[in-house]
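Read-outs throughout are calculated quantities, based only on the coordinates presented, and are distinct from any laboratory measurement. Model, not experiment: these values are computed from the prediction. In this analysis, Cβ positions are derived from the backbone assuming ideal geometry, glycine residues included, and neighbour counts consider all displayed protein chains.
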Amino acid sequence: DTEVTQTPKHLVMGMTNKKSLKCEQHMGHRAMYWYKQKAKKPPELMFVYSYEKLSINESVPSRFSPECPNSSLLNLHLHALQPEDSALYLCASSQDLLTEAFFGQGTRLTVV
Amino acid sequence: QQQVKQSPQSLIVQKGGIPIINCAYENTAFDYFPWYQQFPGKGPALLIAIRPDVSEKKEGRFTISFNKSAKQFSLHIMDSQPGDSATYFCAASGAGGNEKLTFGTGTRLTIIP
């Protein structure tokens with residue numbers, strides 16, 4: 001099983017809404033990541049969790065709040081987003097920080 | 001120091017041809033170089049990766065060539081097919097504070113029948 005599962009696949013939310021993106025992997029990977037990808041651009045790293053602890057925060061605005069409840073799950077809580085936050089949000093995982101990263105299919109987020 | 005430069009930005013190749021995508025890096029601490037393939041609306045999929053101890057790696061129709069002295073690496077797709085039409089990203093990472101993947105800007109590849 002080399003799958004990273006993200007839900008939902010699509011999400012439309014208003015600027016006052018609170019929503020969460022979910023990511024799950026059962027490969028025993030100990031590093032998990034959130035990326036943001038705008039159209040025709042490479043993925044942009046947001047957060048890295050290593051052994052369930054936040055190890056990298058790429059100066060992401062506080063309206064994005066990550067959470068790692070256990071080694072298989074990663075959430076991204078969204079609150080008071082702006083239309084420019086509309087993007088494909090990708091979760092990835094790897095055995096550890098120095099090995100191959102596997103991406104999920106992403107959540108297409110639209111902020112209206 | 002953290003940049004990975006990728007070229008060309010877009011590429012159109014006839015079916016059966018060999019598209020070549022090039023990447024160059026500056027940070028000598030990088031020691032892991034993966035390539036990702038991404039179809040529209042999907043997440044990037046790891047295609048093939050190389051470490052600097054070898055100069056070439058093949059997996060099926062995909063080959064990475066690596067030139068450590070020039071700090072360059074490239075992806076070759078043999079016998080290209082229309083189904084290979086996608087965006088390809090090179091990336092690099094390494095130890096000592098360089099663990100996060102640094103991506104190239106991407107190449108949109110179109111294989112015409």
Legend entry - Dipole moment magnitude, nearest 20 debye, chain A about Cα centre, only Lys, Arg, Asp, Glu C-beta charged: 440 debye
Inset, instruction - Per residue of A:90-101, count partner chain C-beta atoms within 10 Å of its C-beta, then hand back the mean as an integer. - result: 4
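For the range A:26-92, what is the Kirkwood estimate of the hydrodynamic radius, computed as the reciprocal of the mean inverse distance between distinct Cα atoms, to one decimal in Å?
Mean inverse Cα-Cα distance, inverted, gives 12.5 Å.
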Inset, instruction - Mind sorting B:Glu59, A:Glu52 by how few other Cβ atoms lie within 10 Å of their own Cβ, fewest first? - result: B:Glu59, A:Glu52
Legend entry - the range A:1-75: chymotrypsin sites (Phe, Trp or Tyr not before Pro) falling in loop per DSSP and having at most 13 other Cβ within 10 Å: A:Tyr51
Legend entry - Positive-pole candidate from B:Phe89, A:Thr110, A:Tyr33, dipole of the protein assembly as shown, charges at beta carbon: A:Thr110
Inset, instruction - Express in whole angstrom the spacing between the alpha-carbon centres of the range A:1-28 and the range B:1-41. - result: 28 Å
Legend entry - Inter-label distance for B:Lys5 and B:Lys42, nm, one decimal - labels placed 7 Å from Cα along Cα-to-Cβ: 3.1 nm
Inset, instruction - Counting other beta carbons within 10 Å of each Cβ, put A:Glu100, B:Glu99 in order, fewest first. - result: A:Glu100, B:Glu99
Inset, instruction - Quick one: order A:His29, B:His76 by neighbouring beta-carbon count within 10 Å, fewest to most. - result: B:His76, A:His29
Inset, instruction - Report, in debye and to the nearest 20, how large the dipole of the range B:51-99 comes out about its Cα centre when Lys and Arg carry +1 and Asp and Glu carry -1 on their Cβ. - result: 160 debye
Inset, instruction - Bin width 10 Å, alpha-carbon pairs only: give the P(r) of chain A as whole percents, running from 0 to the bin holding the largest distance. - result: 15, 51, 29, 4
Legend entry - More than 27 angstrom apart: percent of Cα pairs within the protein assembly as shown: 34 percent
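Which whole-number percent is the relative contact order of chain A (Cα, under 8 Å, 6+ apart)?
37 percent
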Inset, instruction - In a Gaussian network model over chain A where Cα atoms closer than 10 Å are linked, find which of A:Leu74, A:Leu21, A:Leu11 has the largest mean-square fluctuation. - result: A:Leu11
Inset, instruction - Please build a GNM for chain B, connecting alpha carbons under 10 Å apart, and tell me which residue among B:Gly96, B:Gly83, B:Gly41 fluctuates the most. - result: B:Gly41
Inset, instruction - For the protein assembly as shown, give the magnitude of the charge dipole about the Cα centre (Cβ charges: +1 Lys/Arg, -1 Asp/Glu; no others), in debye to the nearest 20. - result: 580 debye
Inset, instruction - Please give the per residue volume of the convex hull enclosing the alpha carbon atoms of the range B:1-88, rounded to a whole number of Å³. - result: 101 Å³
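Can you tell me what share of the DSSP beta bridges in chain A is antiparallel? A percent to the nearest 5 is fine.
If we restrict to bridges inside chain A, about 90 percent are antiparallel.
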